[in-house]
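Visitor: Quick one: the structure is below, questions incoming.
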Amino acid sequence: MSRRVYRNAAIHTGDSGNPLATALAVDGDHLLAVGGEAEVREAAGRGAELIDLDGADVLPGLYDAHIHTAQYAQSLGAVDLRGVRGLDEALSTVAAHAARLRPGAWLFGGRWNSNA
């Protein structure tokens, strides 16, 4: 694997005890060290490739764990067809939901199991 030291950066660690660092070392896709340049270079060892980030901001890897709020709010008032097991049950579930709506209101729904 290729060891690299990314240096001269504003690395936002997400660690409230040590929120900023200036360097990080990796070995392939494994993080070896984050901190000051001297300690990170020592952790990476001799021969690690040095990459100057020229003061760039570096953020931790983020994942998308969110909800679509408007769609979620809309789904709260929608007919939920997840549990239905056939057309007749789906139609009666939709009819019961529609009967609770005010006249002229839109009927939203879904989440059916197309395999059932």
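Visitor: Within the group Ser2, Ser16, which residue is over 14 Å from Val58 (Cβ atoms), of a type outside the set (Asp, Glu) and in contact (Cβ under 8 Å) with a residue 24 or more places away in the chain?
Guide: Details: Ser16 fails: in contact (Cβ under 8 Å) with a residue 24 or more places away in the chain.
Matching residue, one of Ser2, Ser16: Ser2.
Visitor: Right, next: Restricting the search to segment 84-111, which residues are open to solvent by less than 50 Å² (accessible area, probe 1.4 Å), small (Gly, Ala, Ser) and farther than 17 Å from Ala73 by Cβ?
Guide: The answer is Gly86, Ala90, Ala96, Ala98.
Visitor: Counting just the residues of segment 3-21 that are surrounded by fewer than 20 Cβ atoms within 10 Å (Cβ to Cβ) and hydroxyl-bearing (Ser, Thr, Tyr), which one comes out nearest to Arg46 (Cα to Cα)?
Guide: Taking segment 3-21 first, the residues surrounded by fewer than 20 Cβ atoms within 10 Å (Cβ to Cβ) are 3-4, 7-8, 10, 12-20.
With hydroxyl-bearing (Ser, Thr, Tyr) added as a condition, the list becomes 13, 16.
Numbers: Thr13: 25, Ser16: 30 Å.
This residue is Thr13.
Visitor: Let me ask you something else. Confirm whether Arg7 is over 30 Å from Trp112 (Cβ atoms), touching a Ser or Thr at 6+ places or on another chain (Cβ under 8 Å) and not small (Gly, Ala, Ser).
Guide: So Arg7 passes the test.
Visitor: Condition (residue is at pLDDT below 95 and either among the hydroxyl-bearing types (Ser, Thr, Tyr) or open to solvent by 80 Å² or more (accessible area, probe 1.4 Å) (or both)) applied to segment 32-45: is it met by at least one residue?
Guide: Checked against the condition, which is being at pLDDT below 95 and either among the hydroxyl-bearing types (Ser, Thr, Tyr) or open to solvent by 80 Å² or more (accessible area, probe 1.4 Å) (or both), segment 32-45 yields no hits at all.
Visitor: Consider Asn18 against the criteria (1) polar (S, T, N, Q); (2) under 30 Å from Ser114 (Cβ atoms); (3) modelled with pLDDT under 90: it satisfies all of them except one. Which criterion is unmet?
Guide: (2)
The values are calculated or read from the model by the stated rules, or taken from the named source; none is laboratory data. All values reported here derive from a predicted model rather than from experimental measurement. Backbone-built Cβ (ideal geometry, glycine too); neighbour counts: all protein chains shown. In case anyone asks, the SASA skips ligands and DNA or RNA and just uses the protein heavy atoms, side chains included. Shrake-Rupley method; radii C 1.70, N 1.55, O 1.52, S 1.80 Å.
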